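Working notes for the structure below.
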Amino acid sequence: MQEIINITSLALVDAINPCTLAVQVLLLSSLLATRGRKSVLVGGLVFSFTIYIMYALYGLGILKVIYTLGIDQIIKIILKGLLLVLAFFEVLAYFRYKPGMISIEMPKSLRPYAKKILSSVENPLMALPAAILCSVLLLPCSSGPYAVMLMMISSLEFIKQLVIIAYYNALFILPMIGITLLIYLGTKPKKVMEWREKHIREIHLISGLLLLLVFVMV
């Protein structure tokens, strides 16, 4: 039960991070402007599930490296330290927020590339290659909680690892699917971004508190 709570908390930290929200809105804004609401639904779902598959593959690859190198015990030692560092920066973002600061947000240097990729998507099926490229750009802002989760399951049986990775990434893409449905049903992308900007500090604080919860329970 404790393990489920820890993994769920880490997945929620990943799921609610402002980085993912901004990326999704950029994509859907482009599709809405060029093809209309139907393309928003198709493109948003293609993007979300492609991110799901890419992150699952990343997770399995990282676990393979950990297993091959036999460094699972070393990784477990640094687990708590990483959790505390992540929690510190998330709480700090609540009090002293700056765009692109060291927390789970995309570094400012990568944002122009993400914007260029996503703004050029005019066909919903192009969301697939865009998602593959963006999955790499999203890693800096989502790799922290994901890495912690992978450390936690590194000693489990392979089938259990598969189930947990599938569960984690399902939670990770839930906001993407939710935003897709909101915009498809008529909510303007600008409204979503305004909500993000208004509540970005609170989002970071919630993330920090969830990470502290995991820190205490591990």
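The values are calculated or read from the model by the stated rules, or taken from the named source; none is laboratory data. Not measured: the values here are computed from a predicted model. Note that each Cβ is placed from the backbone with ideal geometry, even for glycine, and that neighbours are counted across all protein chains shown.
The set of residues in the range 164-189 being assigned to a helix (DSSP H, G or I), farther than 20 Å from Val13 by Cβ and without any contact (Cβ under 8 Å) to a residue 40 or more places away in the chain consists of Leu182 alone. Per the listing Ile77, Ile7, Ile51, the residue uniquely surrounded by fewer than 20 Cβ atoms within 10 Å (Cβ to Cβ) and assigned to a helix (DSSP H, G or I) is Ile77. Quick check: anything in the range 130-152 in a helix (DSSP H, G or I), among the small types (Gly, Ala, Ser), farther than 24 Å from Leu10 by Cβ and modelled with pLDDT under 85? Yes: the range 130-152 contains one or more residues that are in a helix (DSSP H, G or I), among the small types (Gly, Ala, Ser), farther than 24 Å from Leu10 by Cβ and modelled with pLDDT under 85. Exactly one residue among Lys64, Lys38, Lys76 is out of contact with any Ser or Thr (no Cβ under 9 Å at 6 or more places or on another chain), under 17 Å from Ile153 (Cα atoms) and not hydrophobic (A, V, I, L, M, F, W, C), and that residue is Lys64.
On the basis of being over 30 Å from Lys188 (Cα atoms), among the hydroxyl-bearing types (Ser, Thr, Tyr), part of a helix (DSSP H, G or I) and touching a residue at least 40 places away in the same chain (Cβ under 8 Å), does Tyr94 make the cut? No: the conditions fail for Tyr94. Filter the range 204-218 down to the residues that are under 15 Å from Ile16 (Cα atoms) and surrounded by fewer than 20 Cβ atoms within 10 Å (Cβ to Cβ) and list them by number. Selection gives Leu205, Ile206, Leu209.
Going residue by residue through the range 53-63, is there one that turns out to be within 24 Å of Glu197 (Cα to Cα) and not small (Gly, Ala, Ser)? Scanning the range 53-63 turns up no residue that is within 24 Å of Glu197 (Cα to Cα) and not small (Gly, Ala, Ser).
Which of the residues spanning the range 21-40 are among the β-branched types (Val, Ile, Thr) and over 11 Å from Ser119 (Cα atoms)? Within the range 21-40, Val40 is the sole residue that qualifies. Out of all the residues in the range 154-170, is one or more of a type outside the set (Asp, Glu) and closer than 14 Å to Cys19 by Cα? Checked against the condition, which is being of a type outside the set (Asp, Glu) and closer than 14 Å to Cys19 by Cα, the range 154-170 yields no hits at all. Residues that are surrounded by fewer than 15 Cβ atoms within 10 Å (Cβ to Cβ) and on the phi < 0 side of the Ramachandran plot were ranked within the range 179-194; the one that is nearest to the chain's Cα centre (by Cα) is Leu181.
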